[in-house]
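Step one of this worksheet: look at the structure below.
The values are calculated or read from the model by the stated rules, or taken from the named source; none is laboratory data. These numbers come from a predicted model, not from an experiment. Here the Cβ is made from the backbone with ideal geometry for all residues, glycine too, and neighbour counts use every protein chain on show.
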Amino acid sequence: MVQLRIENLEEYAKDNNIPIMQKDGIEFLCKIIKENNIKNILEIGTAIGYSAIKMASVNNDIKVTTIERNKQIFDIAVKNIENFNLKNRINIINEDALDIDIKDKFDLIFIDAAKSQYIKFFLKFDKNLNKNGIIVTDNLSFHGLVYDDSKTNNRNTKQLVRKIRNYIEFLKNNENYETTFYSLGDGVSVSIKK
Ligand code: SAH
Ligand code: MG
């Protein structure tokens, strides 16, 4: 088996139009993990396993549980995780995140799946977050569309943009969390549970 490098996953994602986290976004997320001594992570939306591998690589005592509903891409992620020798620290589940019940508790939850379901993910997995835990969400800018109406004409895109704006409002009004928005990568929010 050829040992892959992280750059190989970045190239693969680019060539196949897989929306993995942008470089500054993932570096920012890894910094949060390091600075807050995060040990247990739940990720919604694995894709090819890029961000899960990056997060697990911050420290060798970090454990990641990651959920991916698409079987095809799930299979690729499984292979990548094996290739990076992280099978014992990354638990990957092939399910729709909204259909499963997870009992474990996590220090950090990373939401990076279907944008139309962000509020549902947040509400569903809130119970899985440890005290003082952090929820990070990706793609709140949606390629800049969320902040600029003139760029959107397609009806589905408009609907998605509306959903993301609703999610942003939801975070701002959520009194159980203190949320900060960062214009890094494709727009990242960090919500700290009070
Ligand atoms: N976090 C990855 C990128 C994830 S892309 C990285 O940065 O490397 C988003 C993924 O979420 C897609 O592969 C999609 O199939 C998956 N997804 C979307 N909705 C989902 C759901 N409800 N449950 C599980 N996976 C979902
Ligand atoms: Mg993303």
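Assorted remarks:
- In this entry, Leu129 passes the filter for residues that are within 15 Å of the chain's Cα centre (by Cα) and over 17 Å from Ile168 (Cα atoms).
- Of the criteria (1) at pLDDT 95 or above; (2) surrounded by fewer than 18 Cβ atoms within 10 Å (Cβ to Cβ), which one Phe110 fails: (2)
- Every residue from region 28-61 that is away from ligand 1 (no atom under 12 Å from the Cβ) and over 23 Å from Lys105 (Cβ atoms): Phe28
- The one condition in (1) away from ligand 2 (no atom under 16 Å from the Cβ); (2) surrounded by 19 or more Cβ atoms within 10 Å (Cβ to Cβ) that Asp149 fails to fulfil: (2)
- Out of Ile92, Ile102, Ile76, Ile81, sole residue that is assigned to a strand (DSSP E or B), modelled with pLDDT of 95 or more and of a type in the set (A, V, I, L, M): Ile92
- Just one of the numbered conditions (1) within 15 Å of the chain's Cα centre (by Cα); (2) under 22 Å from Ile18 (Cβ atoms); (3) not in a strand (DSSP E or B) is not true of His143: (1).
- Pairs where the first residue, in region 7-25, is touching a residue at least 40 places away in the same chain (Cβ under 8 Å) and within 14 Å of ligand 2 (Cβ to nearest atom) and the second is small (Gly, Ala, Ser) and part of a helix (DSSP H, G or I), C-beta under 6 Å, 6+ apart: Met21/Ser51
- As a summary of the residue check, Asn132 satisfies the conditions (1) of a type outside the set (Ser, Thr, Tyr); (2) under 18 Å from Glu35 (Cβ atoms); (3) in contact with a Gly (Cβ under 7 Å, 6 or more places away or on another chain) except for the one numbered (3).
- Scanning region 146-194 for residues that are touching a residue at least 60 places away in the same chain (Cβ under 8 Å) and part of a loop (DSSP other than H, G, I, E, B) returns Leu184, Gly185, Asp186.
Let's see how each residue does on (1) closer than 17 Å to Ile90 by Cβ; (2) surrounded by fewer than 18 Cβ atoms within 10 Å (Cβ to Cβ); (3) touching a strand residue (DSSP E or B) at 6+ places or on another chain (Cβ under 8 Å):
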residue	(1), (2), (3)
Glu7	no, yes, no
Asn17	no, yes, no
Ile20	yes, no, no
Gly25	no, no, yes
Ile48	yes, no, no
Thr65	yes, no, yes
Glu68	yes, no, yes
Gln72	no, yes, no
Asp75	yes, yes, no
